[in-house]
Amino acid sequence: MCGIVGYIGNNAVADVLLNGLKNLEYRGYDSSGIALNDNHTIEVYKASGKLGNLYQLYAKHQPQMANAHQGIGHIRWATHGKATIENAHPHISNDGKLVLVHNGIIENYKELRNELENQGFVFHSETDTETAVHLIDREYKLCHNLETAVIRAIKQLKGAFAFCIMHADETDKIIAVRKNAPLIIGIGKDENFIASDIPALIGKTNQILHLNDEEIAIVRKNCVEVKDLN
C-alpha cells in the first residue's frame, strides 16, 4: 500500500505534507517524497528508507521551503522497480514543470512508455507512474490546460489509480483523480487537503469529501470542483 497527501492553502506546506505522511506510515512503505510548487517553480525532495530520512533532507532545505503553500507528498511500497530514490514519488516531467504522485497500477504502461520514448520523452525510473507524468505532459503541451490534459491522458490509461497532479504554470490548483483506488478531499477554511486515507487529515479538518470512481477534483485553496471524467 502507498499513501498520498496534498495541500493548498496559506500554511507552510512541507509541515502539512510530512505530518500527513507520518500518519500514513501504518500502510507500509520503503521510500518517500514531497513536491512543492513555489512561485512557479517545482522543487522535489525524495528519500529511500524510512520517513526520518526525508525529514533529515527537509531540515537541510527548510529555508527554501518556508514560503511554499502548495504541494503533494507520497510514501511508496515498491512494485515496479526497487526502493530507490529514482523510483520514489513524486515523479516530474522532463521540463520540470509537471509533477505527480500515484497509488495503484497502470496496466498498459509498457506500451505507453515505448510510445513516449519514441517521441523523445526521457525516463529516469523503472516505475509505471513515470509513464503517466510524460503522458499528461504530452497532452499539456498540446492544450496548455492542466485539467484538460489530465482528462485526455487518463482516458488512455488502463488499471487502478489515484493521482495528485501539479503544474508550475498553474499555481492555483492541484488536480486529484480517482479510478478504483481511494482518494479523499479535506475541506478547510482558505485551505484544502487531499489524502488516500482519513488519518492523514487528523487534526486538520473534519469535513471530508470521498471521491467516487472516475471523478476528477480541481482543488483550490478556496473551493473544490468535482467532475465526472466524461
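The values are calculated or read from the model by the stated rules, or taken from the named source; none is laboratory data. Given the structure is predicted, the values throughout are model-derived calculations rather than measurements. Positions of Cβ are backbone-derived with ideal geometry, glycine not excepted, and every protein chain shown enters the neighbour counts. Please note that ligands, DNA and RNA were not included when accessible areas were found on the heavy atoms of the full protein model with its side chains. Shrake-Rupley method; radii C 1.70, N 1.55, O 1.52, S 1.80 Å.
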Can you tell me the order of 2-11, 38-47 when each peptide is scored by its average per-residue count of other Cβ atoms within 10 angstrom, highest first? 2-11, 38-47
Answer with a single label: of [x] 188; [y] 139; [z] 103, which was calculated as volume of the Cα convex hull per residue in Å³ from the structure in view? [z]
Leaving ligands, DNA and RNA out of it, report the carbon-plus-sulfur percent of the accessible area of the chain at a 1.4 Å probe. 48
Probe 1.4 Å, heavy atoms of protein chains only: per residue, the accessible area of segment 139-230 in Å² is 44
Burial ranking of peptide ranges 137-146, 207-216 (average Cβ count within 10 Å, highest at the top): 137-146, 207-216
Classify segment 1-119 as rounded, prolate or oblate, taking a ≥ b ≥ c as the square roots of the eigenvalues of its Cα gyration tensor: rounded when a/c is under 1.5, otherwise prolate if a/b is larger than b/c and oblate if not. oblate
Quick check for you: with a 1.4 Å probe and neighbouring chains kept, what is the accessible area per residue of segment 1-136, in Å²? 41
